[in-house]
1. I need the shape label for the stretch 171-262. Rule: rounded when a/c is under 1.5, else prolate if a/b > b/c, else oblate, with a, b, c from the alpha carbon gyration tensor.
2. Take every Cα pair under 8 Å in the stretch 63-130 that's 6+ residues apart, average their separations, divide by the length, and report that relative contact order as a whole percent.
3. Over the stretch 117-214, what relative contact order in percent results from Cα pairs under 8 Å that are six or more residues apart?
4. What does the charge count around P132 come to, taking other residues whose C-beta lies under 15 Å from its C-beta (Lys +1, Arg +1, Asp -1, Glu -1)?
5. Please compare each pair in K197/K239; K178/K261; K177/K197 to a cut-off of 22 Å on the Cα-Cα distance and tell me which ones are over it.
6. Please work out the average accessible area per residue across the stretch 189-262, using the 1.4 Å probe convention, and give it in Å².
7. Relative contact order, percent, of the stretch 151-262 when contacts are C-alpha pairs under 8 Å separated by at least 6 residues?
8. Need one number: nm distance between label points at L112 and Y185, each 7 Å from Cα along Cα→Cβ, rounded to one decimal.
Amino acid sequence: MMLRARVGVGAALLGFAAIALLPVHVAAATAPTPPLPPIPSLSIGLGQAQSPQQVVGALQVLLLLTVLALAPTLLVLMTSFTRIIIVLSFVRTALGTAQVPPNQVLIGLALLLTFFVMNPVINTINTTAVQPYMKKQISQQVALDRAAKPLRAFMFKQTREKDLELFYSISKHPRPKKQADVPTYILVPAFVISELKTAFQIGFLLYVPFIVIDMVVASILLSMGMMMIPPVLISLPIKILIFLLVDGWNLVVGALFASFKT
């Protein structure tokens with residue numbers, strides 16, 4: 001009887017607690033929620049053009065978006081960026097510093113040097129193509145043709161004849177007598193191959209003195225019987241010190257600019 005009485009008293013207390021908490025839950029459920037901040041919306045739709053000018057404007061926007069999407073590829077393949085970034089990567093590898101300078105610094109420096117090398121070409125394109133087109137003095141096709149001429153002239157100066165012959169032999173087209181008749185789709189890959197070869201040549205010349213330092217340090221440690229010490233542990237600070245004493249970054253950047261034919 002005592003057990004039943006205790007169970008009954010406990011059930012009664014739980015019931016009273018549930019009844020007491022019920023208004024709180026009801027009040028929380030019925031309380032108004034605060035208004036949410038306005039969220040902007042963006043809608044893109046297709047509609048029927050009302051005039052030919054609208055069609056031309058839409059095509060120009062589409063062309064601009066395409067150029068912006070291809071801008072990184074154009075920067076890498078049609079400018080001096082390829083040679084510069086490869087040579088800078090060779091310098092870091094030859095020094096033996098895996099992540100110093102970091103990739104962000106090398107890419108940023110390569111971009112700045114690329115704009116410095118391509119500055120005459122950019123100025124020519126801006127003067128002969130971009131400004132007249134912005135002033136509506138020439139058509140879009142004329143602007144593209146004028147912009148391509150200085151860029152093609154720069155690529156022709158850096159491209160080897162052997163690489164042009166390679167792509168003409170692959171495409172099985174006869175070689176034209178004038179450079180103006182060389183199509184861009186043949187000039188660009190030939191230019192990239194020439195840039196790769198030139199960059200690897202400069203990288204090999206940069207590698208040789210650092211390899212000599214590694215061999216000398218390894219020979220000294222071997223003659224002293226210190227075979228348990230990695231040669232890189234000793235040669236790395238020596239290479240960095242020599243690189244700083246000869247002002248290596250100044251020499252590398254100067255050699256890069258001297259390698260371009262202007």
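1. Working: a/c = 5.42, a/b = 2.70, b/c = 2.01.
Here the stretch 171-262 falls in the prolate category.
2. Working: 24 pairs, mean separation 23.3, N = 68.
In percent, rounded to a whole number, it is 34.
3. Values: 56 pairs, mean separation 22.9, N = 98.
Computed value for the stretch 117-214: 23 percent relative contact order.
4. Values: positive: K135, K136, R146, K149; negative: D145.
Cβ neighbours under 15 Å give a net charge of +3.
5. Details: K197/K239 26 Å; K178/K261 19 Å; K177/K197 25 Å.
Over 22 Å apart, Cα to Cα: K197/K239; K177/K197.
6. Numbers: 4720 Å² over 74 residues.
Normalised by residue count, the accessible surface of the stretch 189-262 is 64 Å².
7. Values: 51 pairs, mean separation 31.7, N = 112.
It rounds to 28 percent for the stretch 151-262.
8. 3.9
The values are calculated or read from the model by the stated rules, or taken from the named source; none is laboratory data. Small disclaimer: the values here were computed from a predicted structure and weren't measured. Note: ideal-geometry Cβ built from the backbone for every residue, glycine included; neighbour counts use all protein chains shown. The accessibility values were calculated without ligands, DNA or RNA, using every heavy atom of the protein model including side chains. Shrake-Rupley method; radii C 1.70, N 1.55, O 1.52, S 1.80 Å.
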